[in-house]
Amino acid sequence: MIYIFRLSHRISRDIRLTSHLCLCARAFLADKFYYSGQKDSSLEKSIKSVTLRFGGDFGVEYVSDPKGFISCFKGVVIHLTMYGEPFLDKIKTIKDKLKSKDILVVVGGPKVEPWMYGVSTYNLSVTSQPISEVGALSVFLHELHNKKELDFN
């Protein structure tokens, strides 16, 4: 299973970005989306509506303690950051691990705290340039799934 975690959602500032992260995660075959920061019932309702209209079994869940949740995750934790190792250097290893372990892909918020780098199995970059979380997540999931999401309607 592939889970996505968005750190530090801010309703007044991030509503479109977090919505787009959810839509990207869903379209690129992730199983569930978690988020921290401010609880946003409107976001959850909107994504539930999309899932009902377009099908699938995709959920969104708020997490009040991201550090505890991520630290206790029983699988591979992948933190997408422009400060990480190039993800293409690790993608084969991650694909192999996906056969027997769940994966949690974490995308940052306004400022990622240092603990995130330490708790991650991998800190990976899609590019060493500044990039949108949505862009990085899309490229990462596209490669992780060997482009299979393109076959789903």
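The values are calculated or read from the model by the stated rules, or taken from the named source; none is laboratory data. In this text, all values refer to a predicted model and were calculated from it rather than measured experimentally. Here the Cβ is made from the backbone with ideal geometry for all residues, glycine too, and neighbour counts use every protein chain on show. Ligands, DNA and RNA are excluded from the accessible area calculation, which covers all protein heavy atoms including side chains. Shrake-Rupley method; radii C 1.70, N 1.55, O 1.52, S 1.80 Å.
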Please enumerate the residues belonging to segment 95-109 that are within 13 Å of the chain's Cα centre (by Cα) and closer than 16 Å to residue 1 by Cβ.
-> 102, 103, 104, 105, 106
Members of segment 14-49 that are charged (D, E, K, R) and not in a helix (DSSP H, G or I) = 31, 32, 39, 40
Check on residue 107, open to solvent by less than 40 Å² (accessible area, probe 1.4 Å) and out of contact with any helix residue (DSSP H, G or I) (no Cβ under 9 Å at 6 or more places or on another chain) | no
Any residue in segment 94-103 that is acidic (Asp, Glu), more than 22 Å from residue 24 (Cα to Cα) and either surrounded by 12 or more Cβ atoms within 10 Å (Cβ to Cβ) or touching a residue at least 12 places away in the same chain (Cβ under 8 Å) (or both)?
-> no
Does residue 57 satisfy the condition of being closer than 16 Å to residue 21 by Cβ, among the charged types (D, E, K, R) and touching a residue at least 24 places away in the same chain (Cβ under 8 Å)?
-> no
Quick one: is residue 75 of a type in the set (Gly, Ala, Ser), touching a Leu at 6+ places or on another chain (Cβ under 9 Å) and under 20 Å from residue 145 (Cα atoms)?
-> yes
So which residues in segment 110-138 are under 16 Å from the mean Cα position of the chain (by Cα), hydroxyl-bearing (Ser, Thr, Tyr) and open to solvent by 50 Å² or more (accessible area, probe 1.4 Å), if there are any at all?
-> 117, 121, 132
If you check residue 74 against the conditions, is it without any contact (Cβ under 8 Å) to a residue 40 or more places away in the chain, over 24 Å from residue 15 (Cβ atoms) and surrounded by 11 or more Cβ atoms within 10 Å (Cβ to Cβ)?
-> no
Does residue 40 fit the bill of being open to solvent by 80 Å² or more (accessible area, probe 1.4 Å) and modelled with pLDDT of 95 or more?
-> no
